[in-house]
Amino acid sequence: MQITISAPNQTLATELQHRIDRKTKPVGALGRLEALALQLGLVQQTLTPEIRQPHIMVFAGDHGAARAGISAYPQDVTWQMVENFLAGGAAINVFSRQMGLGLTVIDAGVNHDFGQRAGLIGAKVGNGTENYLEKPAMSAEQRDAALARGRELAHALAANGCNVVGFGEMGIGNTAAASLLTHCLTGTDLATVTGRGTGLDDAGLARKRELLGQALARGGRPTDPLQALAEYGGFEIAMMAGAMLGAAEKGMVLLIDGFIVTSALLVAHAIAPEILGYCVFAHRSQEPGHTAQLKHFGADPLVSLDLRLGEGTGAALAFPLLQAAANFLNEMASFDSAGVSDKTA
């Protein structure tokens with residue numbers, strides 16, 4: 001898959017900053033919103049950025065290693081939660097409705113047959129990954145197919161007018177996969193990036209860390225993103241990484257959720273580092289591995305709400321801040337237009 005992503009052109013930066021600074025406020029008084037407005041203008045290459053057809057994509061997939069006991073919940077919860085998404089009853093449904101966000105669920109590899117359903121895109125690569133305690137999670141062919149399909153989905157969103165996309169996921173066992181990917185691609189100690197996921201107690205956390213150590217003893221610590229993804233990733237993580245790459249190719253703003261979503265970004269960024277200029281980090285997850293990921297990117301998320309749900313909930317909750325950044329840049333009066341005296345020299 002040939003990816004072509006160029007970092008946002010900085011030509012407009014000075015003019016954008018001047019426009020921000022001349023609003024009826026002290027320079028810098030809107031804090032992080034000002035940096036967000038600047039980024040939005042640079043991504044869209046305009047002094048008047050706008051948000052069109054904002055959307056959340058939730059990728060779902062099962063993990064073979066979940067059957068070994070790395071999660072507090074049984075694997076069936078993956079497909080049951082997808083049904084909850086389709087029925088409109090999950091947190092991401094509630095927040096998407098509140099924020100006016102479109103929502104699509106993608107079956108990247110759930111071990112369940114949903115049939116054709118409204119609001120669901122069937123993109124199944126397989127009925128869940130292999131157990132990475134015993135063999136690579138996926139073949140190179142499956143990995144590449146998932147990446148390509150995600151890219152296609154992002155391109156389709158862009159063709160429909162979307163220019164802001166948030167990412168979410170569902171997959172029992174995917175915090176374990178994210179921990180392995182984070183260890184491989186940031187070099188952070190495995191124990192440091194392995195948390196309680198869906199709510200493991202102390203004994204469960206110890207077992208999870210032991211099992212992930214066994215996985216590393218089998219598969220090693222590949223630093224190549226594609227190899228790491230094939231060894232330990234999930235179909236939902238791979239497809240999400242492809243969608244991120246495809247969205248950045250089309251000049252979209254990427255709202256990055258928590259730990260699992262950021263593990264997909266680790267892969268995408270290692271493939272195309274220029275993607276970072278298109279990313280807005282929504283929130284700081286309670287999962288300890290997310291801190292290591294954010295440090296790797298030098299990122300400071302917009303909010304910290306002690307979230308650890310996934311589904312794209314943090315991205316949805318942070319979206320109004322992106323909207324506010326665009327709105328103040330476009331609608332707030334300047335000192336000149338309002339006839340307000342500027343500060344004295």
- [ ] Taking Leu265 as the residue in question, decide whether it is within 20 Å of Cys162 (Cβ to Cβ), assigned to a helix (DSSP H, G or I) and without any contact (Cβ under 8 Å) to a residue 40 or more places away in the chain.
- [x] yes
TODO: Could you check, for the range 194-202, whether at least one of its residues is at pLDDT 95 or above, touching a Phe, Trp or Tyr at 6+ places or on another chain (Cβ under 9 Å) and not in a helix (DSSP H, G or I)?
DONE: no
TODO: Kindly establish whether Leu185 is assigned by TED's automatic domain parsing to the domain that holds Ser263, in contact with a helix residue (DSSP H, G or I) (Cβ under 9 Å, 6 or more places away or on another chain) and part of a helix (DSSP H, G or I).
DONE: yes
Task: Leading residue by the ranking (farthest from Leu185 (Cα to Cα)) among those in the range 289-332 that are of a type in the set (S, T, N, Q) and within 13 Å of the chain's Cα centre (by Cα) - done: Thr313
Task: Looking only at the range 19-43, and only at residues there that are β-branched (Val, Ile, Thr) and touching a residue at least 12 places away in the same chain (Cβ under 8 Å), the one that is surrounded by the fewest Cβ atoms within 10 Å (Cβ to Cβ) - done: Thr24
Open item on the list: Can you find a residue that is in contact (Cβ under 8 Å) with a residue 60 or more places away in the chain, touching a helix residue (DSSP H, G or I) at 6+ places or on another chain (Cβ under 8 Å), assigned to a loop (DSSP other than H, G, I, E, B) and not aliphatic (A, V, I, L, M) anywhere in the range 236-252?
Closed with: yes
- [ ] Please work out which one of (1) over 24 Å from Gly173 (Cα atoms); (2) β-branched (Val, Ile, Thr); (3) in contact (Cβ under 8 Å) with a residue 40 or more places away in the chain is the condition Thr46 fails and give its number.
- [x] (3)
Open item on the list: When you check Leu212 against the structure, is it out of contact with any strand residue (DSSP E or B) (no Cβ under 7 Å at 6 or more places or on another chain) and more than 30 Å from Gln39 (Cα to Cα), yes or no?
Closed with: yes
- [ ] Tell me, yes or no, whether the range 274-288 has at least one residue that is more than 22 Å from Val77 (Cβ to Cβ), in a loop (DSSP other than H, G, I, E, B), under 11 Å from the mean Cα position of the chain (by Cα) and modelled with pLDDT of 95 or more.
- [x] yes
Open item on the list: Against the conditions (1) in the same structural domain as Tyr232 (by TED's automatic domain parsing); (2) over 25 Å from His269 (Cβ atoms); (3) not charged (D, E, K, R), where does Ala29 fall short? Just the number, please.
Closed with: (1)
Open item on the list: Suppose we filter Arg196, Arg207 for residues that are within 15 Å of Ala72 (Cα to Cα) and either surrounded by 17 or more Cβ atoms within 10 Å (Cβ to Cβ) or in contact with an Asp or Glu (Cβ under 9 Å, 6 or more places away or on another chain) (or both); which single one remains?
Closed with: Arg196
Task: Condition met for Asp224 (touching a strand residue (DSSP E or B) at 6+ places or on another chain (Cβ under 9 Å) and acidic (Asp, Glu)) - done: no
Task: Close pairs from the range 108-123: first over 17 Å from Ala243 (Cβ atoms), partner at pLDDT 95 or above and surrounded by fewer than 16 Cβ atoms within 10 Å (Cβ to Cβ), Cβ under 6 Å, at least 6 apart - done: Asn111/Asn127
- [ ] Could you tell me which of the residues Glu249, Glu236, Glu274, Glu231 is buried (at least 24 other Cβ atoms within 10 Å of the Cβ), farther than 22 Å from Thr198 by Cβ and acidic (Asp, Glu)?
- [x] Glu231
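The values are calculated or read from the model by the stated rules, or taken from the named source; none is laboratory data. Quick caveat, the model's predicted, so the values are computed rather than measured. Positions of Cβ are backbone-derived with ideal geometry, glycine not excepted, and every protein chain shown enters the neighbour counts.
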